[in-house]
Each structure stands twice: as C-alpha cells, then as structure tokens.
Amino acid sequence: MPRILAIDYGQKRTGIAVTDELQIIASGLTTIPSETVLAFLKDYFQKEEVIKVLIGEPKQMNGEPSQSAPMIEAFVLTFKTNFPDMQVVRVDERFTSKMAFQTMIDSGLKKKQRQNKALIDEISATIMLRDYLSRKMF
C-alpha cells in the first residue's frame, strides 16, 4: 500500500512526516530547508510510493487564514504544478507547533534540545499526519 506524506511548510524550514506502508503509523521523516523541498520530494517520490500529500493550512483562532497563508498557497500551487498527479489534502495546522513543543517536554527532552526548531517542524508534520489518520479510521 502506498504511503501518505505530510508537509509542514514554513518560510525557512519544512517538516516532513510519512506513514508506514500500511498507513497506520505516522513518523517524522526529516526537516529540510524550504528552498530544497521540491527537489527532496522529487527524489523521495522516485524511491517510495506516495498516494497522498497533506499540506498544512495555517488559520487563526477564528478560522480566517493566518499571515503565512499566502506563502503556503504559493507553495501548494508550485507543488501541484510539479506533481500534477499527486492528491493534495489541506489540513488545519492550528496548535501543531504548541503540541509539538509539549510533546518534546513530555518526552523528557532537555531545554536546549527543545530549542531545536527543526525538530518542532518535524513533530508538527507528524501530528498533522497522526490526526488525519485518526479521522480516516472512523
């Protein structure tokens, strides 16, 4: 069965998470500089079968698009141009960074380790993917 991949796209860094082949477990894959994301994905898609890509949709508390929405919309258009056959699902990414930080605290990471913003981005993508999988199961 093909994998599902989640992207937490940011101005500087992009966190990426992926499912196992049975689409049961969400795991952090990596965090990469955002300017390299398309090249990374092209290489990854050649090596692994991916059926669907989740891309975070940044919203404010009231449901309106956040300040970063135009940047992410531009990325989504570029992604669809480069990978026209890939199914794209937009998912709400509100609170994922806060949840990622709390996950780091709960797992016992020291303060210096919790300052690793790349790890926060990767965990955020994993949270988006895990939440999507839990909704898909029901």
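Per the conditions (1) farther than 13 Å from M128 by Cβ; (2) without any contact (Cβ under 8 Å) to a residue 60 or more places away in the chain, the sole criterion not satisfied by I24 is (2).
Could you please let me know if L77 is surrounded by 14 or more Cβ atoms within 10 Å (Cβ to Cβ) and assigned to a helix (DSSP H, G or I)? Against the criterion (surrounded by 14 or more Cβ atoms within 10 Å (Cβ to Cβ) and assigned to a helix (DSSP H, G or I)), L77 does not qualify.
Pull up the stretch 1-55, narrow it to residues that are of a type in the set (A, V, I, L, M) and assigned to a loop (DSSP other than H, G, I, E, B), then point me to the one that is surrounded by the fewest Cβ atoms within 10 Å (Cβ to Cβ). Step by step, filter the stretch 1-55, then rank; the result is L22. Inside the stretch 56-73, residues that are closer than 16 Å to Q87 by Cα and either part of a strand (DSSP E or B) or of a type in the set (A, V, I, L, M) (or both) make up a count of 2. Here the condition is being surrounded by 12 or more Cβ atoms within 10 Å (Cβ to Cβ) and at pLDDT below 75; of S97, S107, it holds for S97 alone.
The values are calculated or read from the model by the stated rules, or taken from the named source; none is laboratory data. What you are looking at is a predicted structure, and each value in this text was computed from that prediction instead of being measured. Every residue, glycine among them, receives a Cβ derived from its backbone with ideal geometry; neighbour counts consider all protein chains shown.
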